[in-house]
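The values are calculated or read from the model by the stated rules, or taken from the named source; none is laboratory data. Because the structure is a prediction, the values reported are computed rather than measured. Using ideal geometry, Cβ is built from the backbone for each residue, glycine included, and neighbour counts are taken over all protein chains shown.
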Amino acid sequence: MANRIPNGKSVFEYRTIKDIYDEICDVYRRYPQPWVIGYSGGKDSTAVLQLVWKAIESLPAIERRKQVFVIASDTGVETPVIVDYINDTLRRINETAQATNMPFQAEKVVPTLNDSFWVNLIGRGYPAPTARFRWCTDRLKIKPANRFIEEKVTQYGEVIMVLGLRKSESATRMQLMNTYQVEGHLLRRHALLRGAYVYAPIADFSVEDVWTYLLQVPSPWGSNNRDLAALYRSANAGECPLVIDTFTPSCGNSRFGCWVCTVAERDSSMEALIDSGEEWMAPLLEFREWLAVTTDPERKHEFRDTRGRDGRVIMKKDGTLAARTYKPEVSKQMLEKVLQIQQAICRDSSNPHVTLISEDELLEIRRIWRTERQDWEDSAPRIFRQVNGHDLDWPADDDVPFDAEHKALLSSICREFDVPFDLIARMIEAERRSSGMARRAGIHKALAAELAREWRSDAEIIQLPLQLT
């Protein structure tokens, strides 16, 4: 089955569209498992979805009973233009499926609040993603998609993932697809998910084949594929695939995807969209470029602390300390910038409903700042109020009984006795969390953990590198 089409040849020199539809129908009828189509809004996933729809549409109604789930990853930081396009497509799919008795159900998969981009970047101080530390892909894309698939495996026993994978994308992609091929079948075993198989109807398609099909065959749910082609021309971009494993390349290199992505050196797709008339996106690009500066090896220490969330420091081979999480004041600056951009965009009558950061994320950021980063001044409501001129319905008691006056008092006492404020504040927080418990056996362990954190100054640590473990 593998390598049926010689390299450099069009699939349509060897197969008709009807041949491809027939193959899809055969796979649909042969296996009892429901299908899950990964849809990203790009050309490849659109072609797959359309091929599957047109093929199943040709079957008698009695044979169209097996469910086809269509899922799109919503990371919460997708480029707004793409978000609008995907939302419109998912709506059209569901409305058309219901009206025509087609077995399609489209929905988004989203990260949990704990895994959201802003909660981790602004709340916990995670550094902006880089090629060496791409923490976002797992949290924002892999986990949400896999959670959906695992739920369906639990419900049905097995599922078939239908993805827009093409061998011509790269030699690595071709090797992986051939490695997991099930002999004698068009299915491939999923590399990581038990109970999941992968079917790639456009495995042998070239880029030209994809566009040939999309521009010759109208969308069955009423979208205009020429609008998609225009979007590609405007953005000069590829697409971010639905990512369900660590082998699938994530975004970067001028692809549609997250507007905050700092993995690629430049976001050429957003630059092109702005140049083509989407000027309102300029503040997004400016923020993305500022965020990229915080990852610059020569400037990281301007923005980031030398202590990680675990309190440890890392001595590099050159005798300097590694940059870890963002400094609290930088996190506050980030929140202010994002809120200012959101307000500016929403003032534009053409984008009144754009939400860059959700209310739930703001509440969680506030909680993390208060309980884990000793923000006794309660900065999040103050920043929100300054930018927006009104307040959210913040919890009256955020479970933290301390305020700016308490911090000023404790800071003065700590200075008097030459004790780190953060150490005492964290020990007070550990004690507060255990208060009221029937058994307080864990308090001593919690206090010991705080004492075990690195509390020496950077200068002291550099002078005594041999004491580090």
Looking at (1) outside any helix (DSSP H, G or I); (2) over 25 Å from Trp455 (Cα atoms), which one does Lys337 not meet, given that it meets all the others? (1)
Residue under question is Glu289, and the condition is that it be of a type outside the set (Val, Ile, Thr), in a helix (DSSP H, G or I) and over 22 Å from the mean Cα position of the chain (by Cα); does it hold? no
Could you check Glu298 against (1) part of a helix (DSSP H, G or I); (2) modelled with pLDDT under 95 and say which number it fails? (1)
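Could you run through the stretch 340-390 and say how many residues are closer than 21 Å to Phe421 by Cβ and in a helix (DSSP H, G or I)?
To start, the set of residues in the stretch 340-390 that are closer than 21 Å to Phe421 by Cβ comprises 366-380, 382.
Next, only the ones that are in a helix (DSSP H, G or I) stay: 366-372, 379-380, 382.
Residues meeting the conditions: 10.
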Looking at the stretch 404-443, which of the residues that are acidic (Asp, Glu) and assigned to a helix (DSSP H, G or I) is modelled with the highest pLDDT? Glu416
Taking interchain pairs and intrachain pairs at least six residues apart, which have beta carbon atoms under 8 angstrom, with the first residue in the stretch 443-462 and farther than 14 Å from Arg307 by Cα and of a type outside the set (D, E, K, R) and the second at pLDDT below 80 and surrounded by fewer than 15 Cβ atoms within 10 Å (Cβ to Cβ)? Ala446/Arg433
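Applying the selection to the stretch 113-139, what residues are without any contact (Cβ under 8 Å) to a residue 40 or more places away in the chain and assigned to a loop (DSSP other than H, G, I, E, B)?
Applying the first criterion (without any contact (Cβ under 8 Å) to a residue 40 or more places away in the chain) to the stretch 113-139 yields 115, 120, 132-133, 135, 139.
Listed by number, the residues that qualify are Arg132, Phe133.
Do the conditions hold for Ala97, that is, is it outside the structural domain of Leu362 (by TED's automatic domain parsing) and crowded, with 19+ Cβ neighbours inside 10 Å? Lay out the reasoning, then the answer.
Numbers: outside the structural domain of Leu362 (by TED's automatic domain parsing): yes; crowded, with 19+ Cβ neighbours inside 10 Å: yes.
Here the answer is yes, as Ala97 does meet what is asked.
Being crowded, with 17+ Cβ neighbours inside 10 Å and modelled with pLDDT under 85: is that true of Val260 here?
no
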Going through the stretch 131-161 one residue at a time, which ones are of a type in the set (Ser, Thr, Tyr) and within 20 Å of the chain's Cα centre (by Cα)? Thr137
What are the residues in the stretch 30-52 that are aromatic (Phe, Trp, Tyr) and out of contact with any helix residue (DSSP H, G or I) (no Cβ under 8 Å at 6 or more places or on another chain), if any? Tyr31
Tally, over the stretch 294-311, of residues that are out of contact with any strand residue (DSSP E or B) (no Cβ under 8 Å at 6 or more places or on another chain) and surrounded by 15 or more Cβ atoms within 10 Å (Cβ to Cβ): 6
Grab the helices (runs of 4 or more DSSP H) fully contained in the stretch 140-224, keeping just those with 1 or more residues being under 26 Å from Gln98 (Cα atoms) and at pLDDT 90 or above. 143-156, 207-216
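Please state which one of Met161, Met102 is over 30 Å from Arg366 (Cβ atoms) and touching a Ser or Thr at 6+ places or on another chain (Cβ under 8 Å).
On the way: Met161 fails: touching a Ser or Thr at 6+ places or on another chain (Cβ under 8 Å).
Result of the check over Met161, Met102: Met102.
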Elements of type strands (runs of 3 or more DSSP E) contained in the stretch 2-109, each with 3 or more residues being in contact with a strand residue (DSSP E or B) (Cβ under 8 Å, 6 or more places away or on another chain) and over 25 Å from Val207 (Cβ atoms): 104-109
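At pLDDT 95 or above, surrounded by fewer than 16 Cβ atoms within 10 Å (Cβ to Cβ) and more than 25 Å from Val338 (Cα to Cα): does that describe Arg91? Walk me through it before giving the result.
Details: at pLDDT 95 or above: yes; surrounded by fewer than 16 Cβ atoms within 10 Å (Cβ to Cβ): yes; more than 25 Å from Val338 (Cα to Cα): yes.
When the stated conditions are applied, Arg91 passes them.
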